[in-house]
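Inspection log for the structure reproduced underneath, given as structure tokens.
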Amino acid sequence: MLQGTDRLVLEEPKTPITPWHRRRGAIFLWLLVTGFVVVLGRLVILQCVQHEEYRLLAARQQTKFRTVPARRGTIFARNMRVLAVSEPVPSVFAAPVEMTDMEATARALATCLGLDEEKLLARFTEKADKAFVWVKRRVTPREREQVSALNLPGVHFRTEFRRRYPYGNLAAHVLGWTDVDNVGREGVELLY
């Protein structure tokens, strides 16, 4: 509309506010508040009511306990001669879960380590969902090199300790002996 001679002023048309517009705003506000209350309620349940349950679940997922065997101490004679000492030796273990071809792996390991291929394959297939199966414990350095050269997926090494008695049977009844797991079975080895 023209008002005056050189100015043009436009008026905006007024949109009538209908009852539906008011209801739509109220519904939106109600949904927003309801959603906030639901989220707040769930937070209260998780942080106050179920707190201990989720704390234990998180601890189980984030913490892993593994027994690390200690190296057995050296046994000396009264004149400081070494009668028993622990020396590190490699052992071969497999993780069947990581293997791509169990048959080829069993065949290669059996050839290198002088084991029965069928028995080894049976152990792998029996424990196919496991991450640890002994293949051969306390291998020689040559065997370790041969297995390492194969670079087989799922085949790993672990260092264990073997008891060595430099003087052989000297004082064997007093010293005693250890088993394959390095646990003392007789004599001083059992006592300490």
Name, by its number, the condition in (1) under 30 Å from residue 186 (Cβ atoms); (2) open to solvent by 50 Å² or more (accessible area, probe 1.4 Å); (3) not polar (S, T, N, Q) that does not hold for residue 77. (2)
Among the residues of region 166-186, is there at least one that is more than 28 Å from the chain's Cα centre (by Cα), within 26 Å of residue 74 (Cα to Cα) and of a type in the set (Ser, Thr, Tyr)? yes
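Step by step: first the residues of region 22-80, then only those that are basic (Lys, Arg) and not in a helix (DSSP H, G or I), then the one that is farthest from the chain's Cα centre (by Cα). Which residue is that?
Looking at residues that are basic (Lys, Arg) and not in a helix (DSSP H, G or I), I get 78.
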Mind listing whichever residues of region 145-189 are surrounded by 13 or more Cβ atoms within 10 Å (Cβ to Cβ), over 24 Å from residue 111 (Cβ atoms) and hydrophobic (A, V, I, L, M, F, W, C)? 161, 171, 172, 175, 177, 188
Which ones in region 122-176 are of a type in the set (A, V, I, L, M, F, W, C) and touching a Cys at 6+ places or on another chain (Cβ under 6 Å)? 147
Per-region count, region 123-144, residues surrounded by 13 or more Cβ atoms within 10 Å (Cβ to Cβ) and either closer than 14 Å to residue 98 by Cβ or aliphatic (A, V, I, L, M) (or both): 7
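So for region 105-114 (the condition being free of Cβ contacts under 8 Å to residues at least 24 places away in the same chain, open to solvent by 60 Å² or more (accessible area, probe 1.4 Å) and in a helix (DSSP H, G or I)), does at least one residue qualify? Don't jump to the end; show me each part of the working.
Step one: of region 105-114, the residues free of Cβ contacts under 8 Å to residues at least 24 places away in the same chain are 106-107, 110-111, 114.
Still in the list and also open to solvent by 60 Å² or more (accessible area, probe 1.4 Å): 107, 111, 114.
Now narrow it down to the ones that are in a helix (DSSP H, G or I): 107, 111.
Yes, there is a match, as at least one residue in region 105-114 is free of Cβ contacts under 8 Å to residues at least 24 places away in the same chain, open to solvent by 60 Å² or more (accessible area, probe 1.4 Å) and in a helix (DSSP H, G or I).
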Residue 93: passes all of (1) part of a strand (DSSP E or B); (2) of a type in the set (Phe, Trp, Tyr); (3) buried (at least 17 other Cβ atoms within 10 Å of the Cβ) but (3)
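In the list 71, 66, 55, which residue meets the criterion of being touching a residue at least 60 places away in the same chain (Cβ under 8 Å) and either open to solvent by 80 Å² or more (accessible area, probe 1.4 Å) or farther than 30 Å from residue 159 by Cβ (or both)? Lay out the reasoning, then the answer.
On the way: 66 fails: touching a residue at least 60 places away in the same chain (Cβ under 8 Å); 55 fails: touching a residue at least 60 places away in the same chain (Cβ under 8 Å).
The conditions single out 71.
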Scan region 145-165 for residues that are more than 23 Å from residue 127 (Cβ to Cβ) and outside any helix (DSSP H, G or I) and jot them down. 161, 162, 163, 164, 165
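The values are calculated or read from the model by the stated rules, or taken from the named source; none is laboratory data. Just so it is clear, the model here is predicted, and its values are computed rather than measured. Methodologically, a virtual Cβ is constructed for each residue, glycine included, from the backbone with ideal geometry; neighbour enumeration extends over all protein chains shown. Remember, those area values only see protein heavy atoms, side chains included, never the ligands or the DNA or RNA. Shrake-Rupley method; radii C 1.70, N 1.55, O 1.52, S 1.80 Å.
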